[in-house]
Amino acid sequence: MRAEKKFISAEYLARLNASPFFLVVDYRGLSVSQFTDLRKRLIKVGGEVHVVKNTIFRIAAKEAGLADLTGLLSGQLAAVTGKKDIAAVSKVIKSFQAEFEKPKLQFGYLGNQALSAEQVRAIADLPPLPELQGKLLGLLQAPAQKLAALINTPGSQVARVIDAYAQKPAA
């Protein structure tokens with residue numbers, strides 16, 4: 001492999017290793033302004049999109065420890081990566097695709113788990129990560145709050161009874 005290709009492969013490898021996920025989209029038919037708009041939208045949610053050369057990307061994915069992508073990479077492809085939330089990035093791709101009918105989502109990876117285009121679209125329908133974390137925290141805190149209220153109830157009832165007797169005029 002030529003030195004330029006090794007450098008580009010190393011760059012792809014660094015992006016794959018820095019991101020917990022990547023999505024592969026076919027960007028055929030997108031104008032430069034549409035592609036720039038997609039880039040801007042992805043940046044807002046912590047994502048990046050880069051046009052990739054299929055053969056070099058296949059080598060980088062193999063070096064990153066992912067499955068062999070032979071046969072999966074064909075056409076004009078771009079890789080979408082990010083350091084945060086896959087749901088937010090996939091939402092941007094899904095909404096952009098609904099708006100312009102492009103780019104076409106091919107597949108993705110979350111960690112070492114392959115994702116089909118349908119699975120990525122299902123992830124796009126999930127609430128954002130902070131909202132999911134808040135719901136989970138609420139579920140975890142609810143039993144503790146109920147337990148604290150239950151433990152305090154008998155004491156507060158006794159206090160109310162004593163207070164009622166204290167307020168009662170002496171006969």
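Every number in this text was worked out from the coordinates using simple rules, so none of it is lab data. Owing to the predicted nature of the structure, the values given are computational and were not obtained by experimental measurement. Note that each Cβ is placed from the backbone with ideal geometry, even for glycine, and that neighbours are counted across all protein chains shown.
Taken about its Cα centre, the range 3-126 carries a charge dipole of roughly 220 debye when the Cβ of each Lys and Arg holds +1 and the Cβ of each Asp and Glu holds -1.
Scalar couplings 3J(HN,Hα) for the range 44-52, obtained by applying the Karplus form with A = 6.51, B = -1.76, C = 1.60 to θ = phi - 60°, are 4, 10, x, x, 9, 10, 9, 5, 10 Hz; x denotes Gly and Pro. Tally Lys and Arg at +1 and Asp and Glu at -1 over the other residues with C-beta under 11 Å from the C-beta of ALA98: what net charge comes out? Counting the neighbours of ALA98, the net charge comes to +2. Taking other residues whose beta carbon is less than 14 angstrom from the beta carbon of PHE7, and scoring Lys, Arg as +1 and Asp, Glu as -1, yields +2. The slack between LYS146 and PHE35, meaning 0.36 nm per residue of separation minus the straight C-alpha distance, is 34.8 nm. Amide H contacts for LEU72 (H built 1.01 Å from N in the peptide plane; partners 5 or more residues away or on another chain; cut-off under 5 Å): none found. Taken one residue at a time, the phi angles of the range 137-144 give Karplus couplings (6.51, -1.76, 1.60, θ = phi - 60°) of 4, x, 5, 6, 7, 4, x, 5 Hz. Gly and Pro are set to x. Using the average count of surrounding beta-carbon atoms within 10 Å as a protection proxy, the listed peptides 125-134, 12-21 rank, highest first, as 12-21, 125-134.
Using the Karplus relation 6.51 cos²θ - 1.76 cosθ + 1.60 with θ = phi - 60°, the per-residue 3J(HN,Hα) values for the range 79-87 come to 9, 10, 10, x, 9, 10, 9, 5, 5 Hz, with x marking Gly and Pro. Extension gain for the segment ARG160 to GLU131, taken as residue separation times 0.36 nm less the Cα-Cα distance, is 6.5 nm to one decimal. Taking the Cβ of ARG28 as the center, what net charge do the other residues with Cβ under 13 Å away carry, scoring Lys and Arg +1 and Asp and Glu -1? Net charge in that neighbourhood comes out at 0.
Judged by the mean number of other Cβ atoms found within 10 Å, the most tightly packed of the peptides 58-65, 87-94, 135-142 leads the ranking 87-94, 58-65, 135-142.
Give the label of the value calculated from the structure for Rg and Dmax of the Cα atoms in Å, choosing from (1) 25.6, 93; (2) 26.5, 104; (3) 17.7, 61. Comparing each candidate, only (2) matches the computed number.
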